[in-house]
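Derivation of every value follows stated rules applied to the coordinates shown; laboratory data play no part. Computed from a predicted structure; not experimentally measured. For neighbour counting, all protein chains shown are included, and Cβ atoms are generated from backbone atoms with ideal geometry for every residue, glycine included.
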């Protein structure tokens, strides 16, 4: 068997092994010579292809493509009415055909013509007279690539839809605005909250729930890592926390129980830092426990900052971490701020990490310059102003601003709601 025959046999076998969808690919052959069109079709038919369309010039080719777009075009350059160059440019200018593979055939071997061919938008180039093995090889390659790209695009779209659904579900884990508004009304509080994942999905989570008539539970946690794996663990932890509602009144007991469950279920190397407190919205008394979370801040009326002790073994690392309750007070006119570690670990515009103490001083300084009920918003604005590049980790920041006796921190929407309640006699 000659070298050419062996090459043709190899290509033919490769084409025969393609999936049925690829072998049935629709191929448009564009040439002003009927004999050339038939020769090209015959060569491709021997390689396993069978679905052909024909056009005798560029204008005819565009009409065929508009009516029934092929999977690949084999295009002659020199034709009457419209050249192959013009056809390429028109197809590439149309979003519907921008990705259509175009295999140009030409008798010229001049380098400048090849440059012009690719500049016009052609995908590849084959020489005239047609070499059967080369033609089959290039047609096979480009059709395989086209279907592969389409499959990957479909897969990406599917994954995108799944991620969108997962993001929506994860958002539902966060406290809803209607509930927070009720808390604001009941306790004369202004609640600022912000959450943003650094990836499609995140590993941060915060929550707020009622604990009896006059107390609320507040937690913030950060699961190691980010992305899909961390997000799955947020669902796992959220579901586990729901099982211990009767323990929410006691932060240390609640966290010890939560840790016991998660120690058994979280994969090795997976854990979460956490802060959980119970706030009496009448007295401002706080009972809290920590598991290695960034230290929450209480910003005083004099702009001084007190840091709560959130040290402790992260959730899920050891079986009996023995969390202990601590106490503090959020006086009228003060703010409790909880946040994730990205705010203290991201490098600033001179490449330095702010750290816990630096961040506390920074927040204190901002509190002197802005109204307290928009403190968190301004802290975040300054953070993003100096952030270099993408967000390196998930970001959560929550502020509970407690109003003074003659001071309401409620936003206009909440104030209107409160007035309506009073008009209806509902306290």
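A few points about this structure:
- In percent, rounded to a whole number, the relative contact order of the chain is 13, using alpha-carbon pairs under 8 Å and six or more apart.
- Label-to-label distance, residue 93 versus residue 20, with points set 7 angstrom from Cα along the beta-carbon direction: 4.1 nm.
- Order by protection proxy (mean Cβ within 10 Å, highest first), peptides 227-235, 214-222, 90-98: 214-222, 227-235, 90-98
- Principal-axis tilt of helix 58-67 within the chain, Cα atoms, nearest 10 degrees: 50 degrees
- Here the chain is treated as an ellipsoid with the same Cα gyration tensor; its semi-axes, largest first and in whole Å, are 67, 24, 20.
- Taking Cα atoms only, the orientation of helix 34-46 departs from the longest principal axis of the chain by about 60 degrees.
- Once the C-beta distance of residue 368 and residue 157 is scaled by a Förster radius of 51 Å, the resulting FRET efficiency is 0.55 to the nearest 0.05.
- Using the Cβ-Cβ distance between residue 302 and residue 185 with R0 = 35 Å, the FRET efficiency computed as 1/(1 + (r/R0)^6) comes to roughly 0.80.
- DSSP beta bridges in the chain [antiparallel fraction, %, rounded to 5]: 70 percent
- Value at 222 nm in deg cm²/dmol, rounded to 500, when DSSP H runs of n ≥ 4 in the chain each add -39,500 (n - 2.57): -14000 deg cm²/dmol
- Kirkwood Rh (inverse of mean 1/r, distinct Cα pairs), segment 3-155, angstrom: 15.6 Å
- Label point at residue 319 placed 7 Å out along Cα→Cβ; residues across segment 261-292 whose backbone nitrogen lies under 14 Å: 261-265
- You can think of it this way: the chain between residue 345 and residue 282 has 19.2 nm of extra reach, that is 0.36 nm per residue less the Cα-Cα gap.
- Ordering of 163-170, 99-106 by packing [mean C-beta count within 10 Å, highest first]: 99-106, 163-170
- Extension gain, residue 178 back to residue 112 (0.36 nm per residue minus Cα-Cα distance, nm): 17.0 nm
- Prolate/oblate/rounded label for segment 174-423 (Cα gyration tensor, a/c 1.5): oblate
- Each residue, residue 119 and residue 331, gets one label point 7 Å from its Cα in the Cβ direction; the gap between the two is 7.7 nm.
- Put a dot 7 Å past the Cα of residue 34, heading toward its Cβ, do the same for residue 263, and the two dots end up 8.7 nm apart.
- Helix axis angle, 177-187 relative to the chain longest principal axis, alpha carbon, degrees: 10 degrees
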